[in-house]
1. Here are some pairs, LYS338/LYS386; LYS369/LYS391; LYS66/LYS282; LYS282/LYS391; LYS69/LYS282; LYS139/LYS324; which of them have Cα atoms lying more than 31 Å apart in this structure?
2. Within 10 Å of each candidate Cβ there may be at most 16 other Cβ atoms; applying that plus a DSSP loop requirement, which chymotrypsin sites (Phe, Trp or Tyr not before Pro) in segment 348-379 survive?
3. At q = 0.13 Å⁻¹, what log₁₀ I(q)/I(0) does a Debye calculation on the Cα points of segment 339-415 give, no solvent, two decimals?
4. Please turn the phi angles of segment 242-255 into ³J(HN,Hα) values with the Karplus equation 6.51 cos²θ - 1.76 cosθ + 1.60 (θ = phi - 60°), one per residue in order, whole Hz, x for glycine and proline.
5. Could you list which residues have their amide H under 5 Å from that of LYS34, counting only those 5 or more apart in sequence or on another chain, with H placed in the peptide plane?
6. Could you list, bin by bin from short to long, the percent of Cα-Cα pairs of the chain in 10 Å steps?
7. Determine ³J(HN,Hα), in whole Hz, for all residues of segment 149-154 in sequence, where each value follows from phi through the Karplus function 6.51 cos²θ - 1.76 cosθ + 1.60 and θ = phi - 60°; x replaces Gly and Pro.
8. So what are the three principal axis dimensions of segment 201-329 from its Cα atoms, in whole Å, longest to shortest?
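Read-outs: derived from the displayed coordinates by stated rules, not from any lab. Everything quoted here is computed from the prediction, not taken from an experiment. No Cβ is skipped: glycine too gets one built from the backbone with ideal geometry, and neighbour counts run over all protein chains shown.
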Amino acid sequence: MEPPGPVPSENSSRQHRYVSGQYFFEYLVVVSLKETKDGSNYEPQITYQFPKRDGMARFQKEEEEKTLKAITLFCFPEGINWAPLTEYHSETFSFVLTEIDGSRRNGYCRRLLPSGKGARPPEAYCIISSTACFGLFSKIFDEVEKRRQISMAMIYPFMQKLREAPFPAPGNTVEIKSFIPESGTEIIRLTRPLDSWLEHVNFATLFSCLTDDEVLLVFSAAVLERRIIFIADELSTLSQVIHAVAALLYPFTWQHTFISIVPEILIDVVMAPTPYLLGVQKRLLDLVTDQSDVSYEEVVNQTLINLCRTTFKLGDESSILPPKMKTEILEALKHRQKASMVEELNRVVSEAFLLFFVKTVGHYASYVKYSGSGERGVFEKRSFYKAIESKTTRHFVKKFIQTQMFDLFIQEVEQQQPGPTQGIHITHPQKLTLELQV
């Protein structure tokens, strides 16, 4: 019989429950619509920021001003054409801020009608965080909105406690104590999903907008890094669908332009010749489809999905994936109809597409060769795809390995040292995880 293992200390246990040195968020801002000087329109302005950042160097202040300006655009992408309202359906959506070095920060936004009487423009609450976890921040917004209805001053102590709280590791919970007048002290529990790479995703919206076959067409365009535009009325639909499509590519990462909600002022981005994933509001559809000066080749390589009518402008997407693999994905996706919880739905969908990558390129590690200890590995691309027996699968893989997402994935693998476990593996039939050790 083996001797009992060491009992983990409280400090050791704490390290597993929390992510060291990481905050829930960088800051919270409130963006309000203010009348322009001539009174003809409204423009978004930041009217509240927490925490305030003092003592910054000049270049830091300039960078923050650029970020704050971008936030106002994404919170109100419709531009300046607003009118006071007496009713407004609250909506929550997200966007991504991409830095010059390619790093990304996540913006979470909830728009609602502020308390008051008579017609008034909506306002937006926006949280900027390095963490992608839509469900977690939606719950935080519920608490912010509850306090806003009492007083703006109630938001500060809650956000301060949240900022001081340790950020939970995947699968763990953090408790925030917060006092509300007439209700007393409340305990708010914030839990991260166990599969952290799915915590920003809810596939339900994607599959409510598109059929399984249509999702495969979108996946086909994304996996070969095409130019993809989604059209929808609601901002929440656009952001949820685009993040879901990006998640289908796991363990690979979309490397190109990613704008879940394109502000009207930036609509010319649809003319870019490079790959992109874009979300555009339906009212801007005419600006997207008016491409009389675009070459035939550029139009062919652009996929347009109107989620309002489920109409597509397609190229060769239906012939990209190997037929047998398409059938297997569709069969696997049928199991999602039995899923009663978001986590279970996410697992079923993710597993279907991860298995596709396992079967097509999961053998990559066997073709990363090392000349000596400590040396960087070299991926033998030609031998890799030549080893695939199926002609249709080999044809797909030959195209896929030319994408930037695969190239950067392999570069990271080449920099690692060889180990006992190689390739892409599903390590538990009920819990989807990934081992990328080589």
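1. Pairs exceeding 31 Å: LYS338/LYS386; LYS282/LYS391; LYS139/LYS324.
2. Answer by residue number: TYR370.
3. -0.50
4. With coefficients 6.51, -1.76 and 1.60, one gets 5, 5, 5, 5, 4, 5, 5, 7, 4, x, 8, 10, 4, 9 Hz.
5. Amide H neighbours of LYS34: GLU43, GLN45.
6. 4, 18, 27, 26, 17, 7, 2, 0, 0
7. Karplus-based 3J(HN,Hα) across segment 149-154 equals 5, 7, 5, 4, 5, 6 Hz.
8. 41, 32, 27
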